[in-house]
Amino acid sequence: MTQRRLRLLLAEGSPGETAGALHELYAGSDPGLDLTAVSTIATLLPTIKVVEPEVILLDLRLNLREPLDAVHLVHRTAPGVPLIVIADPAEKAQAIRSLAEGAMDYVLKGQIDAHTLERVLRTALEHNTLKGLTDLLRDQVSGLYTRDGFLTVGARRHEEAMRGGSPLVLICVLFENLQALREALGPGTAHRALSDVAGLLTGCCRRSDVVGRLGEARFASLGVDAVAPSAQVMRSRLEQHLAVHNQTRSPWGPIGLRTSIGSWTAPDAGTFAEFLDGIESRLRLDVAEMKS
């Protein structure tokens, strides 16, 4: 599966079904597995910093009172490390909800074998590669994902939403008076205004959301997870932040933003690129109608 030893951190209670399947998967392989196993949440958290794992597997039964809190805590401690949840079949609903708390995937006890683990670990390693790639796909002016980066990360979020049955909410944004600012006050002011718009968008989002600069004056924000707000709530939140910014923090006059919004649910067909194109098309149509 990989050309170097995989650093994997496993938090699992007895009888250690996952550990056994992992050893079976990597038995005799070269270079093999670097597995660290712990049996409590209290031990897991400090071990993350010591081991620096590439993947974390977490047994929900280690925190019987609030299992999803444990998922959230582990994800907050290591947000860049793929987290795979292990759950009893009776806890499948909680396992699915864990995807909204930061887990990337889940496996059910009694169904954990070498083949299943190979699948989920391959996905996790692809995620790590994807993260390294998308960090290169950032716009130098705004610090946000470029169009290619947004499409790459958005497609991954779309796949996760299909697996977890979670909705997606997308808002596309046009910075209407960017060119006017550039002509009146120069490119330096335009760059600072673009950074302000990027800050407005990220300030309206949660950590799990994805924000990108799709073109010279176009942006997009993708809201993800099972408790995602409605599209109209996202738009209203942005409008409120923009109003405050224009009143108190914009030294070059008001920033004008035009938005187009839409939602996606698991029964909907099509790719993420098609979803994005549909919402962008509405924005282009609105602008064309305004000019006509």
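The values are calculated or read from the model by the stated rules, or taken from the named source; none is laboratory data. Small disclaimer: the values here were computed from a predicted structure and weren't measured. Positions of Cβ are backbone-derived with ideal geometry, glycine not excepted, and every protein chain shown enters the neighbour counts. With ligands, DNA and RNA removed, areas are computed over all heavy atoms of the protein, side chains included. Shrake-Rupley method; radii C 1.70, N 1.55, O 1.52, S 1.80 Å.
Just to be sure I understand the model, the point goes 7 Å from the Cα along the line to the Cβ. What's the resulting Glu216 to Ser281 distance in nm?
Reported label-point gap for Glu216 and Ser281 is 2.4 nm.
Between Arg249 and Leu136, 0.36 nm times their residue separation minus their Cα-Cα distance comes to what?
Details: separation 113, 0.36 × 113 = 40.68 nm, distance 3.05 nm.
This chain segment gains 37.6 nm when fully extended.
Which residue fluctuates the most in the chain, going by a Gaussian network model with Cα springs under 10 Å, if the choices are Leu136, Leu257, Leu22?
Comparing Leu136, Leu257, Leu22 in the GNM, the peak value goes to Leu136.
With only Lys, Arg, Asp and Glu charged, each at its Cβ (+1 for the first two, -1 for the last two), find how big the charge dipole of the chain is about the Cα centre; round to the nearest 20 debye. Please report the intermediate quantities before stating the final value.
On the way: 31 positive and 35 negative charges, 161 e Å.
Here the size comes out at about 780 debye.
Convert 37 °C to kelvin, take the viscosity as 0.692 mPa s, use the Kirkwood radius over C-alpha pairs of the chain as Rh, and evaluate the Stokes-Einstein diffusion coefficient in µm²/s, rounded to a whole number. Spell out each step's value before the answer.
Working: Rh = 20.9 Å.
In µm²/s, the coefficient is 157.
Once Rh for the range 211-280 is found with the Kirkwood sum over Cα pairs, what is the Stokes-Einstein diffusion coefficient at 37 °C and 0.692 mPa s, in µm²/s? Intermediate results must be reported in sequence, preceding the final value.
Working: Rh = 14.0 Å.
Estimated diffusion coefficient is 235 µm²/s.
To the nearest 20 debye, what is the magnitude of the charge dipole of the range 113-254 about its Cα centre, counting +1 on the Cβ of each Lys and Arg and -1 on the Cβ of each Asp and Glu?
Details: 17 positive and 15 negative charges, 36 e Å.
Here the size comes out at about 180 debye.
Express the carbon and sulfur contribution to the solvent-accessible surface of the chain as a percent, rounded to the nearest whole number, probe 1.4 angstrom.
Numbers: 7270 of 13970 Å².
Roughly 52 percent, rounded to a whole number.
Please compute, over every Cα-Cα pair in the range 138-282, the percentage with a separation greater than 22 angstrom. Kindly include the intermediate steps, with their values, before the conclusion.
Working: 3762 of 10440 pairs.
The answer is 36 percent, as a whole percent.
Leaving out ligands and nucleic acids, note down the accessible area per residue over the chain with a 1.4 angstrom probe, in whole Å².
48
Could you calculate the FRET efficiency of Glu52 with Glu183 from 1/(1 + (r/R0)^6), where r is the beta carbon distance between them and R0 is 41 Å, rounded to 0.05? Write down the numbers at each step before the final one.
Values: r = 50 Å, r/R0 = 1.21.
Calculated transfer efficiency: 0.25.
Suppose R0 equals 41 Å; then what is the FRET efficiency for His241 and Ala93 from their Cβ-Cβ distance, rounded to the nearest 0.05? Don't skip to the end; give the middle numbers.
Numbers: r = 35 Å, r/R0 = 0.85.
My answer for the efficiency is 0.75.
May I ask for log10 I(q)/I(0) of the range 53-99 at q = 0.17, 0.19, 0.27 Å⁻¹, from a Debye sum over the Cα atoms as equal point scatterers with solvent left out?
Taken in order of the listed q values, log10 I(q)/I(0) reads -0.42, -0.53, -1.02.
Which residue, Leu60, Leu73, Leu168, tops the fluctuation ranking in a GNM of the chain built on C-alpha contacts under 10 Å?
Top of the fluctuation ranking is Leu73.
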